[in-house]
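As structure tokens, the structure follows; a few thoughts come after it.
The values are calculated or read from the model by the stated rules, or taken from the named source; none is laboratory data. The structure presented is a predicted model; accordingly, all values stated were derived computationally and were not measured. FYI the Cβ positions are ideal-geometry reconstructions off the backbone, even for glycines, and counts take in every protein chain you see. Note: accessible area is taken over every heavy atom of the protein model, side chains too, but ligands, DNA and RNA are not part of it. Shrake-Rupley method; radii C 1.70, N 1.55, O 1.52, S 1.80 Å.
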Amino acid sequence: MTKLAYLLLKLLSVKRSFVRFNPYFTLSILSHVKASNIKYYLLTFIVVFNTVNSQSCNDQYVSGQYVNALKLCETELITARNEERSELLLIIIDLYHELGEFEKQSDYLQLLKESPDFKVVPKLRFKWNSWTGILSYYSEDLDKAEKMFFEELSIALLANNKKWIAKSYNDLGVIAHARMNFKSSLEYYNKSLDLYKEANNDYKSGVEYHNIGSIYLLLENYEKANEYFTQALKSYDLYSKSNESDVKVAKQIKHAYESLLRVSLTVEDLELADKYGAQVMKLSSNDINPQDINHSILDFVRLYISKEHYDLAGYFLNKAIEKNHELGDGFNSDLSILKARLYQKTGLSSAAIVELKSTLKQIGNENYIALSKVNMLLSELYQESNPKASLNYMKKHQIQREKLLQQKYDSSIKAIQYEIETKKIENELNLERIERISSDLKIKTLNNKFLLSTIAILFLLSIVISLYLVKRREKRQLLDKIKQHKQQLILMDEKSSQNYENQQVSKQDFCIHLVKIMNDAVNIWEEHTKTNRVELADRSKIWTISVDDGTLRTRSLDKYLSVDKIPKNPRWRNVVRTCHFILSDSTIGKNNRNKLEDNLSSLLSMVQNL
């Protein structure tokens, strides 16, 4: 017993925190003890010593003291029984995730899988699939992540655990979001939100509100995005009132303010951006996850560039670059684009161009958002010095934009947007040709008719500018109309799975209206182009053309010109696309254009009421 007393005194002579938090010290003490009874008493003393003089690892975890919690949990893991060991492993896995140490997290996930209870306890298998899927998502292995999340969902459904089911729907929504499948993502997030609201879980409801807002932000529906981000803040506030000790909610509140900051910067509301930026700054002081810190820094760079505070923007940009090097993350397209934007704003156009061209080489071919931003910025930078290069980068921007739209909307919307953007490019090329002709004319006539030529050129330029402004206004109006129709179509797609019990428009009236619109469209086409229906079908690629006794005919289109022949289930989208195709011709007269737009609005209104 003398040896036991000596060892106890040695333990008491060191700092309590060292004994408490250092499992290796404990093991080294035990290694000097050979008698099993002494080893038992000594181990009991250590456990009691730690229990009396410190909080449990779970207490530290809940209070947000992640570093201390991790040390405590790993210490407790040494002496934990099987049932306690599994719960401690789950906490340690979560702690390493919060601290951004994903390799360590992966190591402990392997320990969890090797535990004796893994195959018999559904919770362990559910958590393992969830965390493994999340780590696969971070490493951009979306196929593996999706497989893990579907397995996670099957475990949840088998256990009939609504909390787990809601978590699984959220995870699948994240994957659909990453694949740019926004409709599926919204469906998963809404299912998760419904379950969390049913359970009165304000914290998780806030997370889902934020996820839905992020989808609307990508769909460029800023009003909806702002609405859902604000609702997320309200949910977090409700949760905070009854869970003041849970520090995780502060992190989510910060994320909501960051998203509101991005919306306000996008819509150029700098007053709101200032307000939200102050909140992000205040809450960022509690960040411990390196990735979260870097995201916040980039938001401050965007804010100060928008406010033209370039010194502050440069300060935060340098911080972001340092943090990126510390994390070893390598290339970051957002960081490079912001760096080039700051160069542009401070008059360093050449440096901005070099940065952007380097960025283009490193961006993946399917990162359409980043590619679109880089090409747009290059187009701006070359606008004065090299108009031809500027136009070339503008075309690339529009191509990337089109590819992004292809991921967002259905095929009819893609075709419409493509036609509009193609027309825009053609108009810009025509304007460039006109300006070049004007410049050549000025050079040729300057020697002998300087005054007259100058007046003529100025007059010509004034006409060109007037035409340009008129065309731009008409194109803007057309784009607004298309965007309005596009949003209506998306809303109709979202409602298409619902039951149509309250029909307000009869099918017969709908068919009659459809025939009238198609007749108007064909008449306007024939009057404007001096061609026929066959030419319309051929150019639009919407209707099929057949050969009957050596004559070209448009049988599918012709059915929509008569109430008696129109199909029982008419393809009203083809009629909408036909109208949009005709509208894409900017030379159509104002009266005919208004007539087609009114017809489209009334048709879409009828479709919504079907």
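When the test is whether a residue is at positive phi and either modelled with pLDDT under 85 or open to solvent by less than 50 Å² (accessible area, probe 1.4 Å) (or both), GLU220 passes it.
Here are ILE416, ILE425: which of them is in a helix (DSSP H, G or I), at pLDDT below 80 and more than 24 Å from the chain's Cα centre (by Cα)? Please lay out each step first, then the result.
On the way: ILE416 fails: more than 24 Å from the chain's Cα centre (by Cα).
Going through ILE416, ILE425 in turn, the sole match is ILE425.
Kindly indicate whether SER154 is farther than 24 Å from SER205 by Cα and either touching a strand residue (DSSP E or B) at 6+ places or on another chain (Cβ under 8 Å) or among the polar types (S, T, N, Q) (or both). No: the conditions fail for SER154. State whether one or more residues within the range 527-538 are in contact with a Ser or Thr (Cβ under 9 Å, 6 or more places away or on another chain), within 24 Å of SER605 (Cα to Cα) and touching a residue at least 12 places away in the same chain (Cβ under 8 Å). Within the range 527-538, none of the residues are in contact with a Ser or Thr (Cβ under 9 Å, 6 or more places away or on another chain), within 24 Å of SER605 (Cα to Cα) and touching a residue at least 12 places away in the same chain (Cβ under 8 Å).
Looking only at the range 567-600, residues that are within 15 Å of CYS511 (Cα to Cα) and surrounded by fewer than 19 Cβ atoms within 10 Å (Cβ to Cβ) come to 7 in all.
Per-residue answers, yes or no, for (1) charged (D, E, K, R); (2) farther than 21 Å from TYR257 by Cα; (3) open to solvent by 60 Å² or more (accessible area, probe 1.4 Å); (4) touching a residue at least 60 places away in the same chain (Cβ under 8 Å):
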residue	(1), (2), (3), (4)
GLY173	no, yes, no, no
LYS183	yes, yes, yes, yes
SER205	no, no, no, no
SER214	no, no, no, no
SER235	no, no, no, no
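Take LEU378 and tell me if it is under 25 Å from SER184 (Cα atoms), at pLDDT 80 or above, assigned to a helix (DSSP H, G or I) and aliphatic (A, V, I, L, M). Let's see the steps before the verdict.
On the way: under 25 Å from SER184 (Cα atoms): no; at pLDDT 80 or above: yes; assigned to a helix (DSSP H, G or I): yes; aliphatic (A, V, I, L, M): yes.
No; evaluated as a whole, the condition is false for this residue.
All of (1) among the β-branched types (Val, Ile, Thr); (2) open to solvent by less than 40 Å² (accessible area, probe 1.4 Å); (3) within 15 Å of ASN519 (Cβ to Cβ) hold for VAL563 with one exception: (2). Across the range 541-560, the qualifying residues are those that are out of contact with any Ser or Thr (no Cβ under 6 Å at 6 or more places or on another chain), open to solvent by less than 40 Å² (accessible area, probe 1.4 Å) and in a helix (DSSP H, G or I), and the one among them that is farthest from ILE517 (Cα to Cα) is LEU557. Taken over the range 562-610, the criterion of being among the β-branched types (Val, Ile, Thr), within 15 Å of VAL522 (Cβ to Cβ) and either part of a helix (DSSP H, G or I) or at pLDDT below 85 (or both) is satisfied by VAL575, VAL576, THR578, ILE582.
Condition (residue is at pLDDT 90 or above, within 24 Å of LEU90 (Cβ to Cβ) and surrounded by fewer than 16 Cβ atoms within 10 Å (Cβ to Cβ)) applied to the range 192-199: is it met by at least one residue?
Applying the first criterion (at pLDDT 90 or above) to the range 192-199 yields 192-199.
After this cut, where a residue has to be within 24 Å of LEU90 (Cβ to Cβ) as well, the list is 192, 195-196, 199.
Subsequent filtering for residues that are surrounded by fewer than 16 Cβ atoms within 10 Å (Cβ to Cβ) retains 199.
The answer is yes; a qualifying residue exists.
Does the range 237-247 hold any residues that are of a type in the set (Ser, Thr, Tyr) and either assigned to a helix (DSSP H, G or I) or surrounded by 16 or more Cβ atoms within 10 Å (Cβ to Cβ) (or both), and which are they?
Answer for the range 237-247, where residues must be of a type in the set (Ser, Thr, Tyr) and either assigned to a helix (DSSP H, G or I) or surrounded by 16 or more Cβ atoms within 10 Å (Cβ to Cβ) (or both): TYR239, SER240, SER242.
When the range 54-85 is filtered for residues that are of a type in the set (S, T, N, Q), out of contact with any helix residue (DSSP H, G or I) (no Cβ under 6 Å at 6 or more places or on another chain) and open to solvent by less than 60 Å² (accessible area, probe 1.4 Å), the ones remaining, listed by number, are SER56, SER63.
Taking the criterion of being closer than 22 Å to LYS248 by Cα and polar (S, T, N, Q), the residues of the range 95-128 that qualify are GLN105, SER106. Scanning the range 519-540 for residues that are over 43 Å from the mean Cα position of the chain (by Cα) and open to solvent by less than 70 Å² (accessible area, probe 1.4 Å) returns GLU526, THR531.
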